[in-house]
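What follows is a short report on a single structure.
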Amino acid sequence: METVQTQATIAALLQETRRFPPPPEFTARANVQDPGVYEEAERDFEGFWARHAESELEWFRKWDRVLEWDVPWAKWFVGGQTNVCYNCVDRHVKGRRRTKAALVWEGEPGDSRVLTYLDLHREVQRFANALKQLGVQKGDRVTIYMGMVPELPIAMLACARIGAPHSVVFGGFSADALAGRIQDAQAKVLVTQDGAWRRGQVVPLKHFADQALESCPSVEKVVVLRRAGNEVAMKPGRDEWWHELEAGAPATCPAEPLDSEHPLYILYTSGTTGKPKGVLHTTAGYLLGVHMTTKWVFDLKDEDVYWCTADIGWVTGHSYIVYGPLSNGATSVMYEGAPDWPDKDRYWRIVEKYRVNVLYTSPTFIRTAMKWGPEYPRRCDLSSLRLLGTVGEPINPEAWMWYHENIGGGRCPIVDTWWQTETGMILITPLPGITTTKPGSATLPFPGIAADIVDEQGNSLPPNTGGYLVLTRPWPAMLRTFWGDPERYVQVYWSRFPGKYFTGDGARRDEDGYFWIQGRVDDVVNVAGHRLSNIEIESTLVAHPAVAEAATIGRSHPEKGQAVSAFVVLRAGYAPSEQLKHELREWVAQKISPIARPDDVFFCADLPKTRSAKIMRRLLRDIAEGRALGDTTTLTDPAVVEQIKQRYVEEGKEEA
Ligand code: WTA
């Protein structure tokens, strides 16, 4: 965000005319069927949220005021008391859901476990007591560094139960990244596991944790879950086995009544520069936001099996594997490992095995599946699916179509959901029973949410003009601040456009008011004064039959300021050639505009991605401009960039 360019608008070049109205049989059963919800929420957004807070959540004490808004400081349901764990677990145990599957877990090696709400209730209480015995009190921070095992949500819920904010650190992060996050949160306890399964290998989490802890004096106790069975060093007096602690812990632990604004969790997002930012979410507003969006966007029914493929180390997993689904009493599937282990059909096997009805995944995964080819999903029975979702990046219209046809069998609506770690909950999204979708558009703000697109001065822009996406009104699940750094919170989100939350994304709105997200505003190319959005050029490339994935960047150019460079991954069955390069350049020129024609096209086997599955264009820019690579700690697979870099340099030499 520090590098935002100063031109007022971003050119909008992509034209998409396909329309998908909700199938009438879907609408007939949908949780939301009345388009009047938008107007109703618009008339009185506080009343809208308050009505649902009353009817959808359980409270120990009702609130006095719905919202206190002293820009940019929000307090929701002031004076109220509730407990997130109570709403996610205890209330379901009181009724007919007590023996319903809460978590259906599939281990990478093929083992599986099902935890009913009653099981979850028992496990969470024991672990909450175990934490208390280790000295954790309300307000103390607990860092959780685990793989995708059921004990991860159990640990989170146990923290929520006693009011100890958790900080989950993605299990793919290094010891250094973990140490920085523990230090920032000043965590008292670390929960980890011996090792995590990934592509048949054991990732030695406890070993990394030991390295991290050398520089983390705040941590008094470490809890270690046995999962992979690899050997670990246990430090006497500090380290305890999960199973031993649990065995010795009392069985009942009441859920603590907590103020609405009590901190629920900290989740670090790595900005492009500087130290990670500890996004703080609090209790009641967050719970309401994720509860309502889960119910309305994923249209969950009691009999549904729902699967979000994200890792719980990211916000998507927090909100839409754990808190949103469990608050709704849903059955939430969790998968431990890689999508191509032991084969590239693993996700589809899981859909078939558990008869998944609602699937939520990322555009990156969809493009990867496109690259692998449709024979993998074809091997499996996907007929249980009735609704599909995506999150994390703009979805290229062709990837949307591929998902629709090859996974959804042409019958499932797709919800393309825009939101952020900071927003906590989905904010721009279709409601699948009422919204006509357009491939590539996240469509409309959720009822009660107000978004706008503005120019440099903060003026609202007319339709089909790209600009900055802002949010103009508070929402219940919004971040409250950065942990320990309120000034930075004000500066990053609220200083650019006074009174408005700056998302950092570029977008345009079409004549129907639909939002088309163009990606981060620091991810645009400026060719001869035209600001082009990478996502639109990439989507055009992906629409070519030979292309599975594409990343474009702006590379310094003596005349044009910047020139477009394209990095392209081909679909199975296509080979790189000079002819194809030429064809792709002309394809873009013809489909978008000659201005957007890539100066060069570079074929590669894979693209560098963050561990949360976003393309890292920054590193491609470094390569293209011959600079040393910037921070690579968030990369999924550092070998990918190294390979690209080496081949890029070699090709450059050949051409010279
Ligand atoms: C991008 C993930 C287009 C966007 C929940 C946002 C999207 C950032 C979409 C947040 C979408 C997320 N369409 N872009 N449907 N969803 N993004 O914090 O740039 O990991 O600002 O949260 O992802 O990423 P984060």
### Checklist (1) under 30 Å from LEU67 (Cβ atoms); (2) at pLDDT below 95 applied to THR272, failing item
(1)
### Summary
Pairing a residue in region 584-609 that is free of Cβ contacts under 8 Å to residues at least 24 places away in the same chain with any residue that is in a helix (DSSP H, G or I), where Cβ atoms lie under 8 Å and the two sit 6 or more apart in sequence or on different chains, gives ALA589/ALA596
#### Entry: Close pairs from region 247-267: first in the same structural domain as ALA160 (by TED's automatic domain parsing) and over 18 Å from GLU58 (Cα atoms), partner open to solvent by 50 Å² or more (accessible area, probe 1.4 Å) and not acidic (Asp, Glu), Cβ under 6 Å, at least 6 apart
ALA249/ARG126; ILE266/TRP483
#### Entry: Only listed residue being at pLDDT below 95 and basic (Lys, Arg), chosen from LYS438, LYS371
LYS371
### Task
Have a look at ALA369, ALA477, ALA442 and point out the one that is of a type in the set (Gly, Ala, Ser), free of Cβ contacts under 8 Å to residues at least 60 places away in the same chain and either buried (at least 24 other Cβ atoms within 10 Å of the Cβ) or not assigned by TED's automatic domain parsing to the domain that holds PRO263 (or both).
ALA369
### Message
Of the residues ALA160, ALA164, ALA155, ALA128, only one is part of a loop (DSSP other than H, G, I, E, B), closer than 28 Å to SER260 by Cβ, hydrophobic (A, V, I, L, M, F, W, C) and in the same structural domain as TYR335 (by TED's automatic domain parsing); which?
### Response
ALA164
### Message
If I filter region 316-327 for residues that are within 21 Å of ARG199 (Cα to Cα), modelled with pLDDT of 95 or more and within 16 Å of the ligand (Cβ to nearest atom), do I get at least one hit?
### Response
yes
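For region 33-91, which residues satisfy the criterion of being open to solvent by 70 Å² or more (accessible area, probe 1.4 Å) and of a type in the set (Ser, Thr, Tyr)?
The answer is SER55, and nothing else.
Does GLY484 meet the test of being of a type outside the set (Phe, Trp, Tyr) and open to solvent by less than 40 Å² (accessible area, probe 1.4 Å)?
On the way: of a type outside the set (Phe, Trp, Tyr): yes; open to solvent by less than 40 Å² (accessible area, probe 1.4 Å): no.
Considered against the rule, which asks whether it is of a type outside the set (Phe, Trp, Tyr) and open to solvent by less than 40 Å² (accessible area, probe 1.4 Å), GLY484 comes out as no.
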### Message
When you check PRO374 against the structure, is it without any contact (Cβ under 8 Å) to a residue 60 or more places away in the chain, of a type outside the set (D, E, K, R) and not assigned by TED's automatic domain parsing to the domain that holds LEU541, yes or no?
### Response
yes
### Query
Is it the case that some residue within region 303-310 is among the acidic types (Asp, Glu) and open to solvent by 20 Å² or more (accessible area, probe 1.4 Å)?
yes
### Query
Restricting to region 514-557, what's the tally of residues that are part of a strand (DSSP E or B), open to solvent by 10 Å² or more (accessible area, probe 1.4 Å) and away from the ligand (no atom under 16 Å from the Cβ)?
5
### Query
If we keep just the residues of region 222-254 that are more than 28 Å from the chain's Cα centre (by Cα) and among the small types (Gly, Ala, Ser), which is least open to solvent (accessible area, probe 1.4 Å)?
ALA249
#### Entry: region 94-141, subset aliphatic (A, V, I, L, M) and within 30 Å of TRP348 (Cα to Cα), residue surrounded by the fewest Cβ atoms within 10 Å (Cβ to Cβ)
VAL114
### Message
Residues that are farther than 27 Å from ILE537 by Cα, more than 11 Å from the ligand (Cβ to nearest atom) and of a type outside the set (Lys, Arg), at least 3 per element: which helices (runs of 4 or more DSSP H) completely within region 336-429 meet that?
### Response
346-354, 375-378
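The values are calculated or read from the model by the stated rules, or taken from the named source; none is laboratory data. If you're wondering where the values come from, they're calculated on a predicted model, not measured in any experiment. Positions of Cβ are generated from backbone atoms using ideal geometry, with glycine treated the same way; all protein chains shown enter the neighbour counts. Side chains are part of the model used for accessible areas, which takes the heavy atoms of the whole protein and leaves out ligands, DNA and RNA. Shrake-Rupley method; radii C 1.70, N 1.55, O 1.52, S 1.80 Å.
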